[in-house]
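A.B. asks: Let me give you the structure first, and then I'll get to my questions.
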Amino acid sequence: MRKNNLLLIKQAMLIPVFAFYNIFIGLFVSGYSVTSQHISELALEAEFFAYSHRLADILIGLSMCLFAFACFSTAKAKFTFVTMFSFGMTWIFAGIFILHNPLHDIYGLTNILIVVPVVFALEMRDFYTSKKFQDFSILVTLVHVMFFWFFNYGFMPVEYKGITQRVWVAITLVWYGVAAYQMYIAANKQRQPTLNSARLL
């Protein structure tokens, strides 16, 4: 694997870090409830919290897009690229456009997150080594389906929408970190025989 691709994969491991910043920053905002308010509502709070939250969204989106390029360059995974890049763009738009603007989630394009894990698991199966990761990816896809079902039909208590959204975001973005880590481990295993041969020479 080329060094540039390896760097693009490594940077994707930071996605959960930015995610947890957005998940927990609300605990420090006076008058804001992490229990009953969506994460996007942080953009309406005091400047520091609003702009740092939006910057984190943009960084998450950029990182996803770069990871998508790495997947395409490594495996010519066109469906992984399209779905992952599209979802990354929704995060960038979420950071630029605040809540209630239809461009905040690009007119519902965020729904594409449902298929990202299972498409990745199928197209990139030669570039990760864990069977458990494949099962994890399928499970995350099923979790997305369940959450959409629960939200759309009112099964989620409105008064706890902040918590349920944060749990959902954590599951979604931790998956990205795990996916990048799995690819990084597999790439290092592939490089090791080459490195050993170079030392012998």
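The values are calculated or read from the model by the stated rules, or taken from the named source; none is laboratory data. Small disclaimer: the values here were computed from a predicted structure and weren't measured. Cβ sites come from the backbone with ideal geometry, for glycine too, and all protein chains shown count toward neighbours. Please note that ligands, DNA and RNA were not included when accessible areas were found on the heavy atoms of the full protein model with its side chains. Shrake-Rupley method; radii C 1.70, N 1.55, O 1.52, S 1.80 Å.
A.B. asks: Please work out which one of (1) modelled with pLDDT under 95; (2) within 17 Å of the chain's Cα centre (by Cα) is the condition Tyr107 fails and give its number.
C.D. replies: (2)
A.B. asks: Which condition number in (1) under 20 Å from Gln182 (Cα atoms); (2) open to solvent by 50 Å² or more (accessible area, probe 1.4 Å) is the one that Cys71 fails?
C.D. replies: (2)
A.B. asks: Here's another thing I want to ask about it. Quick check on segment 1-13: of everything there that is part of a helix (DSSP H, G or I) and out of contact with any Leu (no Cβ under 8 Å at 6 or more places or on another chain), which residue is farthest from Ala187 (Cα to Cα)?
C.D. replies: Selected residue: Met13.
A.B. asks: Can you say whether Leu62 is free of Cβ contacts under 8 Å to residues at least 60 places away in the same chain and open to solvent by 20 Å² or more (accessible area, probe 1.4 Å), as far as the supplied structure shows?
C.D. replies: yes
A.B. asks: Are any of the residues in segment 89-96 open to solvent by 70 Å² or more (accessible area, probe 1.4 Å) and in contact with a Phe, Trp or Tyr (Cβ under 7 Å, 6 or more places away or on another chain)?
C.D. replies: No, there is no match, as no residue in segment 89-96 is open to solvent by 70 Å² or more (accessible area, probe 1.4 Å) and in contact with a Phe, Trp or Tyr (Cβ under 7 Å, 6 or more places away or on another chain).
A.B. asks: Can you find a residue in segment 32-54 that is farther than 15 Å from Ala170 by Cα, hydroxyl-bearing (Ser, Thr, Tyr) and in a helix (DSSP H, G or I)?
C.D. replies: Yes.
A.B. asks: In segment 103-133, how many residues are within 18 Å of Ala187 (Cβ to Cβ) and open to solvent by less than 60 Å² (accessible area, probe 1.4 Å)?
C.D. replies: Going through segment 103-133 one residue at a time, the tally reaches 8.
A.B. asks: Write out, first by first residue and then by second, each pair whose Cβ atoms fall under 8 Å of each other, whose residues are 6+ apart or on separate chains, and whose first residue, in segment 146-161, is surrounded by 11 or more Cβ atoms within 10 Å (Cβ to Cβ) while the second is of a type in the set (Gly, Ala, Ser).
C.D. replies: That search, which allows pairs on different chains as well, returns Tyr160/Ser36; Lys161/Ser36.
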